[in-house]
Amino acid sequence: MEGVSYQRFPKIKIREVKDDYMKFELRETDASIANALRRVMISEVPTIAIDLVEIEVNSSVLNDEFIAHRLGLVPLISERAMAMRFSRDCDACDGDGQCEYCSVEFHLRAKCINDTTLDVTSKDLYSSDHTVVPVDFSDASSTIDNTESRGIIIVKLRRGQELILRAIARKGIGKDHAKWSPAATVTFMYEPEIYINEELMETLTMEEKQEFVDSSPTKVFDINPRNGQVYVHNAENYAYDDEVLKKAEAMGKPGLVEIHAKEDSFIFTVETTGGIKASQLLINAIEILKQKLDAVRLSADTVEADEQFGELGAHMRGG
Amino acid sequence: MDTSTGDKEEEKVGKAAGRPHLAEEKDYEALREIFRHHIDSFDHMIEHGLEAMMQNVKPVEVFDPATKLKLRIWLSNPEVYEPQKERFSRTMTDPLYPFECRQAKLSYSGAFMVDLNFQYGDGGVIRDKISLGQFPIMLKSKTCHLRAANTPKKLVLLKEEPSEMGGYFILNGLERVIRLLILPKRNYPTSMVRNSFRERREGYTDKAVVIRCVREDQSAVSVKLYYLNSGSARLGFWIQGREYLLPVGIILKALTETTDHEIYLSLTCCYNDKYDRGKGSVGTQLIGERAKIILDELQHFSLYTRTQCLQHIGEHFQAVMVGLEKQSYSDVADAVLRDYIFVHLDDNIDKFNLLILMLQKLFSLVDQTSVTDNPDSLQHHEVLLPGHLITIYLKEKLQDWLLRAKRLLQDEVDKDNKKFELSSVTDTRKIIDKTFPKQIGAAIENLLKTGRLNTQSGLDLQQRAGMTVMAERLNYLRFISHFRAIHRGASFAGLRTTSVRKLLPESWGFMCPVHTPDGEPCGLLNHMTSSCRLTSYYDSEGKVKDFLEIRKSISKVLVSIGMTPALPKLLLAGPPEVLPVLLDGRVVGSIASNIIEKAVCHMRRLKVSEASVIPEDLEVGYVPLSMGGAYPGLYLFTSASRFVRPVRNLQIPSEESKNIELIGPFEQVYMEISCPDGGNGGRKDVFPASHAEIHPTGILSVVGNLTPWSDHNQSPRNMYQCQMAKQTMGFSCQSLNARADQKLYHLQTPQTPIVRTQTYEKYNIDDCPLGTNAIVAVLAYSGYDMEDAMVLNKSSVDRGMFRGYIYQTETVDLAEDKFRADRSQRSFGRSNVDKSSHQFIDSDGLPFVGQSIGPGDPYCGIYNEITSSVSANKLKGSDHAYVDYVAVDTKNKKHLQKANIRFRHPRNPVIGDKFSSRHGQKGVCSQLWQDTDMPFSGVTGMRPDLIINPHAFPSRMTIAMLLESIAAKGGSLHGNFVDATPFSSSMKRSEGSESDSSLIDELGSQLVKRGFNHHGLEVLYSGVYGTELTCEIFIGPVYYQRLRHMVSDKFQVRSTGTIDQVTRQPIKGRKRGGGVRFGEMERDSLLAHGAAYLLHDRLHKSSDYHIADVCSLCGSILTTSVIQSHKKKVREMIGMRLPSKAPKKVTCVSCKTGKGMETVAMPYVFRYLAAELAGMNIKMTLELSN
């Protein structure tokens, strides 16, 4: 087997990109790569999140840990995250985790002085770094008035209640805590290939065709209103739920349609928390994946491999 | 643009309607109904019950030998005041609020004042107010400050829950409820067969008719009418712990001026040869014989007239009747008849009639023309209400106190003290004040604190302990359940028979068949259904019922519909011709059997109609004629503390607005009530339904009602859920900041369930939610979900799912007794020398709020002013905590003496914590799995929060959990709640809307609309490999509860540690760092495995390993002794070098030589055993080989 190369050249075709949403195709590779990409995007791409909270005054109804937890979950703009250092690796501050290379400081100071309830939101967090700020979800294009979407509510204060705190945000990855996960959802599906057996299809009456089309909970097939032919409306709507196949079976027409999953092409959907752009998330993920593979490759034939991977080193060298 | 905003507004309205938990004004009326019986009974006690009771407390008389006049003392005009703070200035009073009591560990009680009336001779009555101490006040009763706070807002201002319903007491800061107990139904003669009756005396049979008679002041006296082998009967009643048995003839004659002939006629009236052995005939010709025997007995005693009988009774009872020692015999006899026989009746003729009826019932039981009444059936039960318990207890306490006062006064008078004047009120008051009148209030408080009745007579109750329970606020459902729980009685708990625990059909609609714990109290501790109520002294408009008036009008109505009144003539006919009519245990007349059905129907109509004076909760217990069934008659009950529940009366056309009738368990048995579920219930056409259930869920308790689609579950699962709901960590209360409970569980981020029953909104459970909608996937994944274990998604937990806290309050009271022992003055403070505690304790000796404290860290410092030393209280337990709140009692003195320190223990889900769905599916978290490793949906990217194993379903058959998952999925996709009220399909069917679609189709179609699989299945991909899982996975949101059982409170670890002083073995107990016992069975197991080394390790090496010196000559291990070598010093002196380790010199004291010494390894307890045996003069010798 020595010398045989399984090298392939995966291709990515981006279908749709928004700030926090992306849909792309990944072709000519297999599930392991696709899944690795997904896993890295969810839990290995670093972001910045509040990790340490020093509470000075808290007379709100929520207790200190609760507020600290809520602060931690506020997504921060993390474009800088890749360039930042992990606090534990930072030599500028001896692991103190409070220097400019590995942390961002936030201040929050709120007091309710009148009878209306005061909403303390992520907008009240003042950052020491203008590039690392809470994500702004207010959409200028939307018609809903922006006063309502003032940010993520942290706590509500009544008259006389006060909240003063200092928070340190640090770089981290989703594996350690979900607050550092940049992805709301990353998912992929195999691209389906659908063949309609036209001959068999023509044996169906119009009602039966309609029944067949309706049997799929998602709109996969449709009927051409002109010639009454069933055609594949959108193959990607197919959720591999086998509903149509079961229907065909029930109608006594097995083989009416044939559906295969393409083994080597995947359709990814990525949604981010807003901390980093979806496109950036993909790039970062590939970068991290490469780094991780490098770590394996570089150490494959060195002594370090034994140190780094222990018994696994032998496996990695192909033993 | 315009249209879009219009749509938005419409949407908003729709949203508000779909989100009842966000409603501005909440309706707590239904919730109030749940607690009503507690408060009503207490209110009545305060307003009228005490007054009525005091009239029944017998006055005492002190005889003044000087003037030959009597001083009469009696009580009247009880007054209970609202709780006030103790103040030094008498003029200013501050109200004492419940929250203050909880925090300061005080009792919520008000002053209890009574008028003492003195009458010297025939002189004028002098009234004098006397304080009887503090009377515990039930929350939300009329004497409670919270009563005025009628809106949630006002309650919140008083630091209470917005939904505070009261019904409990606060004693030393703890909330306690009076337990509802089952009692035999009052004023109804029950026939019974019990073997214990035979043992009463020679000649007794096992048959008797028993009646529990209750006076207007709730005190009760039970009377038993035994049947004798001779054919006669004896009337038994208890006086001062002894049962007295009287021939029934004497009582009959003593009660009224009558003749033998009259008695004979009255007794035999229930027999007529015409109907012999026919339907409904209860008498046989034997009854005449028995009447003769009863009368012959009187001849035997040579008692012929009423006066003779009274003389006879008086003669025998004078010794036992307190305070009547000097009265005439006939007065004593009158007192006996008044105080012990049929005390619910005042008139002797009524008593006579009732006794005749009981005799007839007894004879019919003997002749097997009627069956026994089942004493375990709810039909013959009522409830002991809080107000009634306190009233009867107080009555006895007051009577005892008066008698004590009398004795003291009499002693004082007899002493011939010149200074003492009996006629002077001030003098007598002085003596009376010596009798500790304030103890009366303390006695009630003690009853509530301990639940123990401290009484001589027993108050005609079956048990003396366990009358109150703590109202735990573990969560809201548990709290509610305390007020709905009904206990059968502690005496039944020890019984080996299971018959009392059985679920009988009689309790249909009154007791929840689902909501009873399993295990020890199963079937004994029941819960009332949500629709069940208890009758009280208040009518529906809150006015006090006038029972005299009510009974009068009922009698009037009865006569108008054809009843022959019993008075003035005794009735002279019996079943089947006519049926006796009893109203609250009084024979009011008889009614012909051919018109009775119509009469009953008429009564029911009057019950419902608003205009009539007939109370709506009147129980029309019509026992029809039968072949050897229950003894027939028309039994009417108006009394309080009966069970009632609403049903629809079908005989009243529904156009008339009111056709909801309240029925009781006694009448229910003989009624035809149709239920929308279960067809006709086997009913034949001959018996058409006269009533109908309002909704089938009426048979379930509040907690039982909260299980969604419980009709689709296997019934034991619903039982488990009822238990688990009560041990769920939830939002225990909203007024957390104003509370100082020992332990409170709190869920950080609870949610309202998507799938819920109508009950959920009815009782505003959203105020205190107790769970989270978790996305549950049912699959075998990773193997960590075997055997009811479940895998949680770590990321979900990171984001706050199932996070919780335990709030724990430590009260530090420096004035407490244990500190006072050395009489030293103490205050809070910290040491200025030792600065190690400064991190935790502030200069005032109390911790910083918000400070994190580890186990063993100090949290408060106590400065002893005499020794000027500082000691610290340290945090117990094994997990760290935060200081949540520090409350100090600033009221007393200059120095702080009392502080409440509340800790907050964060409890994030960890492996080993227990969770459960609402369908009795509990499980333990076995792994917190990374988000990326969880299976995910290709379409939506959804990862489950929680994975359970499919094996949880087939054997348990909790179909409703599957339905819930599908419904919640549909509901969340469409953005609405789903109604999961059980039996709603059968309700729909009965309403005529014939929908052929099953529930699952309805729910499934919701899913299909949004492009999901009809059955809730989804294609999932392995999170680890990215490949499609081989089958489709059932996934959807299910409401999960976090149970309070958490590993952090339970884990036990020990390597080395403290050992027992005597045995040198490791100690037990988690708290003290002890180990888990390696017991006999474990030993057997290792023996069977042949694991000898392991056994040796466990039982010896790791336990009490000991090397003992044994003298092989005498074989004793106790006589050895280590000899300090005397020569040591000498050797040192001559400068001899010591060997590096001098050999230990051991000798046997008894052999006086060290020659035979050997060392043997043995468990230390063995040595202890030898010592113990030696203590008993037994010598143990060891024989050592090689």
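Bear in mind these aren't lab numbers, they're just calculated from the coordinates by the rules spelled out. Model, not experiment: these values are computed from the prediction. Counting neighbours? That spans all protein chains shown, and the Cβs are built from the backbone with ideal geometry, glycine included.
Numbers for the structure displayed
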| quantity | calculated |
| --- | --- |
| Residue (of B:509, B:519, B:576) at the positive-pole extreme of region B:497-612, dipole from beta-carbon charges | B:576 |
| Centroid-to-centroid separation of region B:600-658 and region B:684-734 [C-alpha atoms, Å] | 26 Å |
| Calculated diffusion of chain B, Stokes-Einstein form, Kirkwood radius summed over Cα pairs, 4 °C and 1.567 mPa s, µm²/s | 36 µm²/s |
| Shielding score for B:844-855, defined as the mean number of other chain Cβ atoms within 10 Å | 1 |
| Centre separation in Å (Cα based) which lies between region B:242-282 and region B:312-386 | 15 Å |
| Size of charge dipole - the protein assembly as shown - debye, nearest 20, with Cβ of Lys, Arg +1 and Asp, Glu -1, no other charges | 6900 debye |
| Among B:928, B:986, B:942 the positive-end extreme of the charge dipole of region B:856-990 (Cβ point charges) | B:986 |
| Reach of residue B:224 by Cα under 22 Å, taken over lysines that are not fewer than 8 positions away in the same chain | B:185, B:207, B:253, B:292, B:351, B:361 |
| Partners for residue B:415 among aspartates and glutamates (Cα-Cα distance below 12 Å; same-chain residues under 8 apart left out) | B:64 |
| Two-site FRET efficiency, residue B:1051 against residue A:158, from Cβ-Cβ distance with R₀ of 51 Å, rounded to 0.05 | 0.80 |
| Net charge of neighbours whose Cβ lies under 13 Å from the Cβ of residue B:902, counting Lys and Arg as +1 and Asp and Glu as -1 | +1 |
| Cα gyration tensor, region B:533-702 - rounded (a/c under 1.5), prolate or oblate | oblate |
| Relative packing of B:1001-1008, A:200-207, which averages over residues the other C-beta atoms within 10 Å, highest first | B:1001-1008, A:200-207 |
| Relative exposure of A:180, B:401, judged by other C-beta atoms within 10 Å (fewest first) | B:401, A:180 |
| Computed over the protein assembly as shown, the ratio Rg/Rh where both radii use C-alpha atoms and Rh is Kirkwood | 1.04 |
| Exposure proxy order (Cβ contacts within 10 Å, fewest to most) of B:974, A:260, B:145 | A:260, B:974, B:145 |
| Theoretical FRET efficiency, 1/(1+(r/R0)^6), r = Cβ-Cβ of residue B:940 and residue B:694, R0 41 Å, to 0.05 | 0.45 |
| Charge sum, other residues only, whose C-beta stays under 13 Å from residue A:112's C-beta, Lys/Arg counted +1 and Asp/Glu -1 | +1 |
| Mean ellipticity per residue at 222 nm, deg cm²/dmol - from DSSP H runs of n ≥ 4 across the protein assembly as shown, formula -39500 (n - 2.57) | -8000 deg cm²/dmol |
| Net length gained if the chain between residue B:1076 and residue B:1150 were fully extended (0.36 nm per residue, minus Cα distance) | 22.6 nm |
| Within-9-Å neighbourhood charge of residue B:771 [Cβ basis; K, R +1; D, E -1] | +2 |
| Two-site label geometry, residue B:1089 and residue A:263: point separation in nm, points 7 Å out along Cα→Cβ | 4.8 nm |
| Over region B:949-1092, relative contact order from alpha-carbon pairs under 8 Å, at least 6 apart, % | 16 percent |
| Using alpha-carbon coordinates, inclination of helix A:278-298 to the longest axis of chain A, degrees | 90 degrees |
| Rounded to the nearest 20 debye, dipole of chain B from Cβ charges on Lys, Arg, Asp, Glu | 5020 debye |
| Length released on extending from residue A:235 to residue A:210, taking residue separation times 0.36 nm less the Cα-Cα span | 7.3 nm |
| Chain lengthening between residue B:125 and residue B:1064 when straightened (0.36 nm per residue, less Cα-Cα) | 330.6 nm |
| Among B:35-45, B:56-66, the order from most to least packed when residues are scored by Cβ within 10 Å on average | B:35-45, B:56-66 |
| Partner chain coverage, peptide A:267-279 - average Cβ within 10 angstrom | 1 |
| Neighbouring partner chain Cβ atoms per residue of A:67-76, average, 10 Å criterion | 2 |
| Total charge dipole magnitude, region B:387-495, about the Cα centre, Cβ charges on Lys, Arg, Asp, Glu only, Debye to nearest 20 | 380 debye |
| FRET efficiency estimate (nearest 0.05) - Cβ-Cβ, residue B:243 to residue B:285, R0 41 angstrom | 0.80 |
| Which of B:442, A:47, A:204, positive extreme of dipole for the protein assembly as shown (C-beta unit charges) | B:442 |
| Average Cα contact separation per residue, chain B, under 8 Å, 6 or more apart, as relative contact order % | 9 percent |
| Per-peptide average of other Cβ atoms within 10 Å, ordering B:183-196, B:760-773, A:40-53, B:386-399 highest first | A:40-53, B:386-399, B:760-773, B:183-196 |
